[in-house]
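Below is one structure, written out as structure tokens; the observations come after it.
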Amino acid sequence: MDELGEVLDAVGPRLRGLRKQRDVTLAQLSAATGISVSTLSRLESGQRRPTLELLLPLARVHQVQLDELVGAPQTGDPRIHPRPVTRHGMTMLPLSRRPGGLQAYKLILPPGARTDRPEQQVHEGYDWVYVLSGRLRLLLGEHDLLLNPGEVAEFDTRTPHWFGNTDPTPTELLALFGPQGERLHTRARPT
């Protein structure tokens, strides 16, 4: 059997394992992906060859990278190659690879970024920010805070909040965000 055939044959059991590990029925997976139950069943049993059109929604719903579904070989390169996204003058570099759950970002705010009429926002989640360089202005409820390098803020994002760079130099920070309100827990030593 050729290498491609072996890779494709391994996809079905991998899909079944992911679904069972997450305790999801074929009907639930069908509803989440739009793929029929019979097609999902044939994929898992190896009676249907996986295609990109089928694997992409499955990877999204299972919250795994596509290469995990097909069992792509490790490259040996441990580096993360983030693709930056720029919004409202702020550059966000994702540092975590899986969608959903706790997300990690490096944020770069150019001088004067997001200083126009700060409008506080509220949404579900929990945020933790650590200033690497520059200074970060954080409006949190009625508090107006200025964070310097090495300082951290942690807050429930249901509290009205806004942050920006009022410094003449770029501000860089690490941000951890939990969309369902996951709080960060630190331990001084293992229990």
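The values are calculated or read from the model by the stated rules, or taken from the named source; none is laboratory data. Remember, predicted model here, so these are calculated numbers, not experimental data. All Cβ positions, glycine included, derive from the backbone under ideal geometry; neighbour counts span all protein chains shown.
Starting from the range 144-162, keep only residues that are assigned by TED's automatic domain parsing to the domain that holds residue 126, then list their pairs with residues that are assigned to a loop (DSSP other than H, G, I, E, B) and of a type in the set (S, T, N, Q) whose Cβ atoms are within a distance under 9 Å, requiring at least 6 positions of separation or different chains.
Sorted first by the residue in the range 144-162, then by its partner, the pairs are 146/166; 159/120; 160/120; 161/120; 162/120.
Tell me, which residue of the range 160-172 that is at pLDDT below 90 and assigned to a loop (DSSP other than H, G, I, E, B) is surrounded by the fewest Cβ atoms within 10 Å (Cβ to Cβ)?
168
Looking for whichever is at pLDDT below 90 and under 10 Å from residue 15 (Cα atoms) here; the options are 59, 72. Which one fits? Please lay out each step first, then the result.
Details: 72 fails: under 10 Å from residue 15 (Cα atoms).
The conditions single out 59.
Quick grid of which residues meet (1) of a type outside the set (Phe, Trp, Tyr); (2) part of a loop (DSSP other than H, G, I, E, B):
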{"site": "107", "(1), (2)": "yes, no"}
{"site": "124", "(1), (2)": "yes, yes"}
{"site": "128", "(1), (2)": "no, no"}
{"site": "132", "(1), (2)": "yes, no"}
{"site": "144", "(1), (2)": "yes, no"}
